[in-house]
1. Among the residues of region 176-189, is any away from the ligand (no atom under 16 Å from the Cβ), crowded, with 18+ Cβ neighbours inside 10 Å, over 15 Å from the mean Cα position of the chain (by Cα) and of a type outside the set (Asp, Glu)?
2. If you scan region 218-250, which residues turn out to be open to solvent by less than 50 Å² (accessible area, probe 1.4 Å), in contact (Cβ under 8 Å) with a residue 40 or more places away in the chain and not polar (S, T, N, Q)?
3. When you scan region 59-72, do you find a residue that is more than 14 Å from the ligand (Cβ to nearest atom) and of a type in the set (Phe, Trp, Tyr), even just one?
4. Right, PHE56: closer than 20 Å to LEU201 by Cβ, surrounded by fewer than 20 Cβ atoms within 10 Å (Cβ to Cβ) and either β-branched (Val, Ile, Thr) or in contact with a helix residue (DSSP H, G or I) (Cβ under 9 Å, 6 or more places away or on another chain) (or both) or not?
5. Answer yes if at least one residue in region 126-143 is within 17 Å of ILE100 (Cβ to Cβ), buried (at least 16 other Cβ atoms within 10 Å of the Cβ) and near the ligand (Cβ under 9 Å from one of its atoms), and no otherwise.
6. Out of the residues in region 14-61 meeting the condition of being among the hydrophobic types (A, V, I, L, M, F, W, C) and part of a loop (DSSP other than H, G, I, E, B), tell me which one is farthest from the chain's Cα centre (by Cα).
7. Would you be able to say whether some residue in region 6-13 is more than 12 Å from the ligand (Cβ to nearest atom) and either modelled with pLDDT under 95 or assigned to a loop (DSSP other than H, G, I, E, B) (or both)?
8. Does ILE52 count as under 27 Å from ARG239 (Cα atoms) and not assigned by TED's automatic domain parsing to the domain that holds LYS136?
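The values are calculated or read from the model by the stated rules, or taken from the named source; none is laboratory data. All values reported here derive from a predicted model rather than from experimental measurement. Cβ placement follows ideal geometry from the backbone for every residue including glycine, while neighbour counts extend to all protein chains displayed. Note: accessible area is taken over every heavy atom of the protein model, side chains too, but ligands, DNA and RNA are not part of it. Shrake-Rupley method; radii C 1.70, N 1.55, O 1.52, S 1.80 Å.
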Amino acid sequence: MKAIEAEKNWVSKKMLRAIFLVWLACTLIGIFCYKIFILAILCSILSSLSLILFLFMFYAHHKLSPKGGNFQSKVSALVTDKIETNASGRLLDIGCGSGILSVELAIKCPLLKINGIDYWGSMWGYAKEKCEKLAKDNNVSDQICFERASASSLPFEDESFDIVISNMVFHEVADVKDKKEVIKEALRVLKKGGLFVFQDLLLNKKLYGNREYLVQYVKDLNIESVSLTKTAEQLTIPRLLNCPMFFSDTALLSGKK
Ligand SMILES: C[S@@+](CC[C@H](N)C(=O)[O-])C[C@H]1O[C@@H](n2cnc3c(N)ncnc32)[C@H](O)[C@@H]1O
């Protein structure tokens, strides 16, 4: 598949800047208020913690980027690799973000018509216009339609799509407490016999319950076949990124409706 440079790192520079500023503020307050013992202690604890967090996130940013091993692309490719080049019909990309997976799939599968939806909140710095530009720059505008919508309430009829994908989105859907409901909504718009591939923090018990329970929940939605595989079993993840904040709870849920 043609590799497109990811426009955004999941650990954004904005996030790194914010953590750095917290570290700087705590350090400066600690220095200037060193005579107020309690405040100085508190500031030095916060300063140390924010420095550790900054260094860790800086490392994560590097590892996710092309220069550090491209793990953002490698993890995402576990989703797109499940779609055959001769796939046809309609595909929905839920929480398409920068539009990168939609565009990659449009290039890889010229017979697909793709809808990408996202709510494009301020946290990520993604935007519908940027997705449309990415599609235009890669000559696939006629294959893709980007639309603002929430994964919690998709603006599509039941059984509208032949394929539904989503990568690292469901845990973020803030207006749904039980994230299994987001899976249910995604499967609602999939045609009978259609393919689904969802990657998310699916092994996080607080979000989805235990593994067996999640698989049974999906089967009970009239799903013909379902498999749940841990991302770190399919890809060698750098040890420090194999933690709950990143990929230790990440898994692929895929199958046929
Ligand atoms: C980690 S990014 C993943 C983006 C993209 N799927 C990718 O693989 O690069 C999470 C995305 O989820 C989107 N998102 C969060 N809550 C959403 C919701 N309720 N509905 C639609 N998209 C949502 C965010 O805007 C963001 O683009």
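1. The first filter runs over region 176-189 and keeps only residues away from the ligand (no atom under 16 Å from the Cβ), leaving none.
No.
2. Scanning region 218-250 gives LEU235, ILE237, PRO238, LEU241, PHE246, PHE247, ASP249.
3. The answer is yes, given that some residue of region 59-72 is more than 14 Å from the ligand (Cβ to nearest atom) and of a type in the set (Phe, Trp, Tyr).
4. Details: closer than 20 Å to LEU201 by Cβ: yes; surrounded by fewer than 20 Cβ atoms within 10 Å (Cβ to Cβ): yes; either β-branched (Val, Ile, Thr) or in contact with a helix residue (DSSP H, G or I) (Cβ under 9 Å, 6 or more places away or on another chain) (or both): yes.
When the stated conditions are applied, PHE56 passes them.
5. Yes, region 126-143 contains a residue that is within 17 Å of ILE100 (Cβ to Cβ), buried (at least 16 other Cβ atoms within 10 Å of the Cβ) and near the ligand (Cβ under 9 Å from one of its atoms).
6. Step one: list which residues in region 14-61 are among the hydrophobic types (A, V, I, L, M, F, W, C), which gives 15-16, 18-26, 28-29, 31-33, 36-43, 45-46, 49, 51-58, 60.
Those still in the list that are part of a loop (DSSP other than H, G, I, E, B) too: 33, 36.
Numbers: CYS33: 42, ILE36: 44 Å.
Among those residues, the one meeting the criterion is ILE36.
7. Narrowing region 6-13 to residues more than 12 Å from the ligand (Cβ to nearest atom): 13.
Right, trim to either modelled with pLDDT under 95 or assigned to a loop (DSSP other than H, G, I, E, B) (or both) and you get 13.
Yes; the residues of region 6-13 include at least one that is more than 12 Å from the ligand (Cβ to nearest atom) and either modelled with pLDDT under 95 or assigned to a loop (DSSP other than H, G, I, E, B) (or both).
8. Values: under 27 Å from ARG239 (Cα atoms): yes; not assigned by TED's automatic domain parsing to the domain that holds LYS136: yes.
Judged against the criteria, ILE52 is a match.
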